[in-house]
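Participant: To start, I am sharing the structure in question, which I have written as structure tokens.
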Amino acid sequence: MAWTRKLYRKVPRRHDGALKEFSISSKLKKEKKTTDEFEIMLSSLTLEEVIALRLELASRSVGYMMYGLPLWGALTNITRDAVLKYVISASRSRTEAARVLGIDRIKLHKLYKKFDLYSYFEER
């Protein structure tokens, strides 16, 4: 009967990113920069803790003196780069990625170029 209410709606299949090569986790595992155990430990930290820890580790090599680095002004680009990489790895298409970001596809293409995302996900 066409007039009856459908009980089940089609649920999108779960996916690991648009394509396998667009998964940040897979990319870092191929480069041997991360493991499953590391990812489990990392997931227990907040984003703020991860960023602070990464900055501390980077500054350790220069004796905690990172003078001259425009860190405050670079924060916008650092966070945008991270969000773009996540959205690309979590979406099924560029159209979906643009919708998640709230921008059009032309702006997304410009951001790909600006943050050099085409080469980031390339196989080397």
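Participant: Take Arg94 and decide whether it is open to solvent by 70 Å² or more (accessible area, probe 1.4 Å), in contact (Cβ under 8 Å) with a residue 12 or more places away in the chain and either of a type outside the set (Asp, Glu) or closer than 26 Å to Lys27 by Cα (or both).
Facilitator: Taking the combined requirement at face value, the residue satisfies it.
Participant: A further question follows. How many residues are under 16 Å from His109 (Cα atoms), part of a loop (DSSP other than H, G, I, E, B) and either among the basic types (Lys, Arg) or out of contact with any helix residue (DSSP H, G or I) (no Cβ under 7 Å at 6 or more places or on another chain) (or both) when one looks only at the range 63-93?
Facilitator: Number satisfying all stated conditions: 2.
Participant: Report whether or not Gly68 is modelled with pLDDT of 90 or more and at positive phi.
Facilitator: No: the conditions fail for Gly68.
Participant: Could you grab the pairs with beta carbons closer than 7 Å, sequence gap of 6+ or different chains, first residue in the range 17-37 and open to solvent by less than 70 Å² (accessible area, probe 1.4 Å), second one among the aromatic types (Phe, Trp, Tyr) and modelled with pLDDT under 90?
Facilitator: As it stands, the answer is Phe22/Phe121; Lys27/Phe121, since those pairs meet every condition given.
The values are calculated or read from the model by the stated rules, or taken from the named source; none is laboratory data. Everything numeric in this text was worked out from a predicted model, so none of it was measured. In this analysis, Cβ positions are derived from the backbone assuming ideal geometry, glycine residues included, and neighbour counts consider all displayed protein chains. Surface areas here come from the heavy atoms of the whole protein model, side chains and all, with no ligands, DNA or RNA. Shrake-Rupley method; radii C 1.70, N 1.55, O 1.52, S 1.80 Å.
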